[in-house]
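Asks: After the structure tokens below, expect a handful of questions from me.
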Amino acid sequence: MKRTIFNNQLLPWLLLAPQLAITFIFFLWPAGQAIKQSFLREDAFGINSSFVGLANFRALLDSPEYMNSLQVTAVFAVLVTALSMGLSLLLAVAVDRMIRSTRLYTTLLVWPYAVAPAVAGILWWFIFNPTIGVMPYVLNVIGYDWNHISSKTDAMILVVVASAWKQISYNFLFFVAGLQAVPASLREAAAIDGAGPVRRFFDITFPLLSPTTFFLLVVNIVYAMFDTFGVIDATTEGGPAQATNIMVYKVYFDGFVGQNIGSSAAQSVVLMLLVVTLTVIQFRWVEKKVEY
Amino acid sequence: MASITLNNLGKVYPGGTRAVGDVNIDIADGEFIVLVGPSGCGKSTLLRMVAGLENITDGEVRIGERVVNQVEPADRDIAMVFQNYALYPHMSVRQNLAYGLKNRRTPKAEIDRRVNEAAEILQIGQFLDRKPRALSGGQRQRVAMGRAIVREPAAFLFDEPLSNLDAKLRVAMRLEIKELQKRLRTTSLYVTHDQLEAMTLADRLVVLNGGKVEQIGTPLEVYRRPASAFVAGFIGSPAMNLIDARAVPHLPGTAHAGTIGIRPEDLTVTPDGPILMDVLAVEELGAQRLVHGQTGGEKLTITLPSDSELADTLRLGFDRASLHLFHRETGVRID
């Protein structure tokens with residue numbers, strides 16, 4: 001590896017400045033504000049605020065609504081991660097097996113990633129709209145009465161599908177790259193060793209993909225917990241009856257719609273801690289099983 | 001144990017490129033055959049067609065009495081050693097060796113017996129519980145061999161197995177492969193671009209060029225009577241001198257030849273020799289020296305004892321019987 005030596009002490013800082021500025025303005029500063037706000041209580045007009053210690057956090061623990069949100073988030077994150085990673089691995093394996101037009105399919109499959117979460121939400125909202133959507137019509141034909149406005153299950157399915165769909169492209173790209181890094185001779189050796197295509201995949205390819213899978217697991221869980229706000233907002237708005245009110249959406253709703261800044265800030269701090277904890281756990285325990 | 005027969009074997013890639021054409025080889029049971037040729041000559045493709053990793057577009061491959069064109073690699077009863085060893089990085093050496101047997105539902109006790117036996121033959125017993133990445137190149141090479149021998153297959157296929165090793169280890173492993181094959185008497189097909197490896201290992205050599213067989217024969221037959229100018233230039237080190245006959249019109253008995261071949265070791269310095277060589281460079285090898293020069297615009301190399309006298313020009317002679325004559329256009333041997 002080539003190492004660049006800077007003679008000027010200032011230049012490296014200058015080169016890093018844009019990234020540091022963005023990190024500070026859009027991450028560190030708001031995060032700091034959230035932590036500060038989580039210990040304060042504001043009056044209804046936002047004029048006065050008083051220090052209340054851990055009262056905001058205590059209130060959260062006593063709130064059945066918040067406990068429900070925790071549960072919904074867990075179910076949602078697991079489903080989104082499993083669905084998007086499962087499907088993208090399937091697609092990646094299919095593309096990897098192709099000899100021709102690999103690039104074409106790859107390009108096509110990457111497109112959804114360019115769609116903003118809110119737009120993806122609207123798209124799926126239209127597709128699944130009980131009155132004008134295509135899917136409810138099709139489902140009605142096979143005897144299923146789709147209504148995500150009244151059914152909790154339907155609502156959850158809708159937000160999971162919409163969120164997973166957007167993440168498939170990203171996962172797919174990494175899986176394709178990961179698959180191409182598995183030497184063909186290993187699969188050939190396994191074929192000569194009497195392993196059929198399915199066995200070859202589970203015995204050879206999948207274990208060798210584990211660094212990619214692990215990385216995507218972390219990214220997808222973080223995505224499901226943080227970045228799916230737009231999808232929820234454009235489709236169910238957390239409803240019906242809190243069924244899809246995941247933590248990040250509740251942060252927004254309680255803070256910006258409900259104007260309960262203190263509680264909202266406390267929630268975002270809890271969410272932050274949760275994701276940090278999950279990521280640490282994954283690096284601690286799951287990574288040990290990864291074969292680099 | 002089985003013989004292998006290649007009948008008019010050919011391979012045309014979907015784009016229309018012909019990689020291999022009209023290859024006919026009969027490999028006897030227990031024979032060690034080396035496919036040798038420059039890169040791109042189709043030798044690896046040929047091996048992979050026997051292994052079942054490339055589909056066959058013309059002709060047939062028989063292993064034993066069975067035509068295996070449509071048989072899956074796993075069911076051809078062959079084992080292959082790959083150039084990059086292709087060891088499963090996430091499995092221990094023991095698991096690597098046992099994988100093929102496990103897939104074939106061999107009883108556990110039998111697997112253990114065969115793995116331990118192979119480990120003993122190859123002296124890799126103490127590495128059985130390590131991962132391949134913790135092994136050196138030579139040890140990985142042994143594991144790759146071990147994976148082939150535990151299967152007790154009808155034939156071994158080797159795809160340039162030594163080319164990732166350093167020169168010293170390559171010579172040692174070469175000898176080990178030879179001894180192992182003699183001991184197990186398993187039919188072997190071995191691909192290499194290294195003519196020295198080919199000469200030392202083979203019972204019979206198959207020299208390939210441009211997807212076609214140039215010559216099949218024992219190493220000495222091929223060395224002594226190369227069937228074409230290509231084989232003459234490829235087999236033997238230093239390479240045979242190939243001179244355009246028009247550059248040396250005064251040589252007797254060569255009037256009808258296009259190309260005259262003579263090995264560097266067959267040329268001697270004699271005061272009344274018919275060839276006058278201008279010396280350009282000398283390479284000292286210790287026991288002997290290589291003298292490079294030219295005559296009539298053609299390059300010439302000769303091997304001389306290291307105590308021989310050198311001059312700016314040397315008169316060279318040779319025994320008439322050591323000349324090889326080849327056709328000008330086709331390169332085929334004509335004497």
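The values are calculated or read from the model by the stated rules, or taken from the named source; none is laboratory data. Please read these numbers as outputs of a predicted model, since none were measured by experiment. Here the Cβ positions follow ideal geometry from the backbone for every residue, glycine too, while neighbour counts run over all protein chains shown.
Asks: State the number of residues belonging to the stretch B:270-287 that are modelled with pLDDT of 90 or more and buried (at least 16 other Cβ atoms within 10 Å of the Cβ).
Replies: 2
Asks: Hey, another quick one. Please specify each residue of the stretch B:84-106 satisfying the condition of being away from chain A (no Cβ under 14 Å) and touching a Lys or Arg at 6+ places or on another chain (Cβ under 8 Å).
Replies: B:VAL93
Asks: Within the stretch B:62-83, take every residue that is closer than 20 Å to B:GLU160 by Cβ and in contact with a Pro (Cβ under 7 Å, 6 or more places away or on another chain) and give me the one that is farthest from the other protein chains (Cβ to nearest Cβ).
Replies: In this case the residue turns out to be B:VAL81.
Asks: Here are A:THR235, A:THR205: which of them is of a type in the set (Val, Ile, Thr) and either buried (at least 21 other Cβ atoms within 10 Å of the Cβ) or within 19 Å of A:VAL72 (Cα to Cα) (or both)?
Replies: Exactly one of A:THR235, A:THR205 is of a type in the set (Val, Ile, Thr) and either buried (at least 21 other Cβ atoms within 10 Å of the Cβ) or within 19 Å of A:VAL72 (Cα to Cα) (or both), namely A:THR235.
Asks: Check B:THR218, B:THR200, B:THR187 and return the single one that is more than 17 Å from B:HIS324 (Cα to Cα), free of Cβ contacts under 8 Å to residues at least 24 places away in the same chain and polar (S, T, N, Q).
Replies: After applying the criteria, what remains is B:THR218.
Asks: Looking at A:ALA162, A:ALA195, A:ALA234 in this structure, which one is under 18 Å from A:ALA82 (Cβ atoms) and touching a helix residue (DSSP H, G or I) at 6+ places or on another chain (Cβ under 6 Å)?
Replies: Among A:ALA162, A:ALA195, A:ALA234, only A:ALA162 is under 18 Å from A:ALA82 (Cβ atoms) and touching a helix residue (DSSP H, G or I) at 6+ places or on another chain (Cβ under 6 Å).
Asks: Give just the number: which of (1) closer than 30 Å to B:VAL68 by Cα; (2) under 27 Å from the mean Cα position of the chain (by Cα); (3) not small (Gly, Ala, Ser) does B:ARG105 not satisfy?
Replies: Among (1) closer than 30 Å to B:VAL68 by Cα; (2) under 27 Å from the mean Cα position of the chain (by Cα); (3) not small (Gly, Ala, Ser), the lone unmet condition for B:ARG105 is (2).
Asks: Let me ask another. I'm trying to understand the selection: among the residues of the stretch B:124-151, which are under 18 Å from A:ASP193 (Cβ atoms), hydrophobic (A, V, I, L, M, F, W, C) and in a helix (DSSP H, G or I)?
Replies: Within the stretch B:124-151, B:VAL143, B:ALA144, B:MET145, B:ALA148, B:ILE149, B:VAL150 qualify.
Asks: Out of B:GLY42, B:GLY59, B:GLY16, which single residue is without any contact (Cβ under 8 Å) to a residue 12 or more places away in the chain, at positive phi and away from chain A (no Cβ under 12 Å)?
Replies: B:GLY16
Asks: Right, here's the next one. Step by step: first the residues of the stretch B:232-263, then only those that are assigned to a helix (DSSP H, G or I) and over 28 Å from the mean Cα position of the chain (by Cα), then the one that is surrounded by the fewest Cβ atoms within 10 Å (Cβ to Cβ). Which residue is that?
Replies: B:ARG246
Asks: Within the stretch B:277-319, which residues are more than 20 Å from B:PRO238 (Cα to Cα) and out of contact with any Asp or Glu (no Cβ under 9 Å at 6 or more places or on another chain)?
Replies: Scanning the stretch B:277-319 gives B:GLU309, B:ALA311.
Asks: With the structure loaded, tell me whether A:ASP62 is within 28 Å of A:GLY239 (Cα to Cα) and among the charged types (D, E, K, R) or whether it fails that test.
Replies: Here the answer is yes, as A:ASP62 does meet what is asked.
Asks: Within the stretch B:214-231, can you find the residues that are surrounded by 22 or more Cβ atoms within 10 Å (Cβ to Cβ), in contact with an Asp or Glu (Cβ under 9 Å, 6 or more places away or on another chain) and of a type in the set (A, V, I, L, M)?
Replies: B:VAL231
Asks: Show me the strands (runs of 3 or more DSSP E) entirely contained within the stretch B:1-115 in which 1 or more residues are farther than 26 Å from A:ILE204 by Cβ and at pLDDT 90 or above.
Replies: Correct list: B:4-12, B:18-27, B:32-36, B:58-63.
Asks: Taking A:VAL198, is it assigned to a helix (DSSP H, G or I) and either surrounded by fewer than 20 Cβ atoms within 10 Å (Cβ to Cβ) or away from chain B (no Cβ under 11 Å) (or both)?
Replies: yes
Asks: Something else: Could you check, for the stretch B:174-196, whether at least one of its residues is buried (at least 24 other Cβ atoms within 10 Å of the Cβ), assigned by TED's automatic domain parsing to the domain that holds B:ASP26, within 26 Å of B:VAL23 (Cβ to Cβ) and among the aromatic types (Phe, Trp, Tyr)?
Replies: Yes, the stretch B:174-196 contains a residue that is buried (at least 24 other Cβ atoms within 10 Å of the Cβ), assigned by TED's automatic domain parsing to the domain that holds B:ASP26, within 26 Å of B:VAL23 (Cβ to Cβ) and among the aromatic types (Phe, Trp, Tyr).
Asks: Across the stretch A:175-187, what is the total count of residues that are in a helix (DSSP H, G or I) and either more than 8 Å from chain B (Cβ to nearest Cβ) or surrounded by fewer than 20 Cβ atoms within 10 Å (Cβ to Cβ) (or both)?
Replies: Total meeting the criteria: 9.
Asks: Can you say whether B:ASP129 is without any contact (Cβ under 8 Å) to a residue 60 or more places away in the chain, touching a Lys or Arg at 6+ places or on another chain (Cβ under 8 Å) and charged (D, E, K, R), as far as the supplied structure shows?
Replies: yes
Asks: Let me ask you something else. List the number of the failed condition for A:SER163; all other conditions in (1) farther than 25 Å from A:GLY238 by Cα; (2) away from chain B (no Cβ under 14 Å) hold.
Replies: Failed condition: (1).
A quick yes/no check of all residues on (1) closer than 24 Å to B:CYS41 by Cβ; (2) among the acidic types (Asp, Glu); (3) assigned to a helix (DSSP H, G or I); (4) not assigned by TED's automatic domain parsing to the domain that holds B:HIS193:
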position	(1), (2), (3), (4)
B:TYR223	yes, no, yes, no
B:ASP272	no, yes, no, yes
B:LEU276	no, no, no, yes
B:GLY286	no, no, no, yes
B:THR303	no, no, no, yes
B:GLY317	no, no, no, yes
